[in-house]
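Q: Sharing a structure here in structure tokens format.
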Amino acid sequence: MLSMMPMNRLHQVDLNLWVVLGQLLETNHVSETARRLGRTQSAVSHSLAALRRLFGDPLFVRVGSGLEPTPRAKALAPLVREALRQVEATLAPQAGFDPLGLERTFRLFVSDYAQVVLLPRLLVRLAAQAPRVALDVTFRADAMGEVLREVREGRVDLSVGPPVEGLSGVVTQPLFDDVNVCVVRAGHPFARRPTARAWAALRHVVASPRGGLRDFVDDALEARGLRRVVAARVPHFVAALELVAHSDAVAVVPGRLTGAWSGRAAIAVVRPPLPLPGFSMAWFASETLRADPANAWLRRELRAVANERR
């Protein structure tokens, strides 16, 4: 289609002219073309005049009661038919989406916590519904601005993280809520008597993907005149669970993570002796992918997994 004329002339093109030309090439008759298109003969004649100006060629000459295409029109015929076919194809309703036949790698940005909570069950669902789908998962806590740009530009299919307001070009929806809990090794004395003072006296493992030793736990303790000793700071919640499971330290982790941890090293989950804030998680995707059937399907599967109760 584009090869039929220079790009700087495309602004002169009215798609209706191509429809008229396509019909004229089939009927070789103005009145029959008008009948097929539901237009007046005068309107078809005006379109033919515009086509003649556009191509600098008569295109059709009258022979008896009909029209005879010129050599130029005959040469255009297959190009016009193909152009109209392609336009019709782009306007046709999208075929029903079937994940079973989908062969695609989705790029996700998901924290280690959300990976443990969501991905195992998501993989089970994908194996049954879309066995040729793969997940390419990354996490860079220190580069959230860059990640959000990649989400906005569609280079990341889906991201999971705390809600962020007012993101231009990004669509987001809540995924789930969670609470923070204390974890210690199984049989730890703190699990039997979880007082604020006993909590402060323990050695603490801080899980901080973005770095830093201070968090909301310090705020809660200091409001009671207490301070804690940090034994280690690790970037991943899974590492914090491993450390407390094999020591006398304590850590604060998301509640859902402890449910997903069951069956590994024995831990005891303890309700914090002081009120701690909870938090929410949401998914983020590019506005350009909102209507993409495959991306929409993946978002639905992720939400279904998030709504499952262990």
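Q: With a probe of 1.4 Å, find how much accessible area region 66-197 has per residue, and write the answer as a whole number in Å².
A: I get 55 Å² per residue for region 66-197.
Q: Restricting to DSSP H runs of at least four residues, report the calculated mean residue ellipticity at 222 nm for the chain, -39500 (n - 2.57) per run over all residues, nearest 500 deg cm²/dmol.
A: Counting only the DSSP helices, I get -12500 deg cm²/dmol.
Q: If the elastic network links every pair of Cα atoms under 10 Å, which of 269, 80, 116 fluctuates the most in the Gaussian network model of the chain?
A: Largest GNM mean-square fluctuation: 80.
Q: Rounded to the nearest 5, what % of the DSSP beta bridges within the chain are antiparallel ones? Walk me through the numbers on the way to the answer.
A: Values: 23 of 39 bridges.
Of those bridges, close to 60 percent are antiparallel.
Q: Which of the GluC sites (Glu not before Pro) found in region 44-124 are loop residues per DSSP with 14 or fewer other Cβ atoms within 10 Å of their Cβ?
A: 103
Q: Stick to the Cα atoms of the chain, pair each with every other, and give me the Kirkwood hydrodynamic radius in Å at one decimal. It would help to have the intermediate numbers written out before the result.
A: Numbers: mean 1/r = 0.0402 Å⁻¹.
Evaluated over the chain, this radius sits at 24.9 Å.
Q: On the protein heavy atoms, probe 1.4 angstrom, tell me the percent of accessible surface of the chain carried by carbon and sulfur.
A: 53 percent
The values are calculated or read from the model by the stated rules, or taken from the named source; none is laboratory data. Bear in mind the structure is a predicted one, so any value in this text is a computation, not a measurement. Quick reminder, even Gly has a Cβ in these numbers, built from the backbone with ideal geometry, and neighbours come from all protein chains shown. Side chains are part of the model used for accessible areas, which takes the heavy atoms of the whole protein and leaves out ligands, DNA and RNA. Shrake-Rupley method; radii C 1.70, N 1.55, O 1.52, S 1.80 Å.
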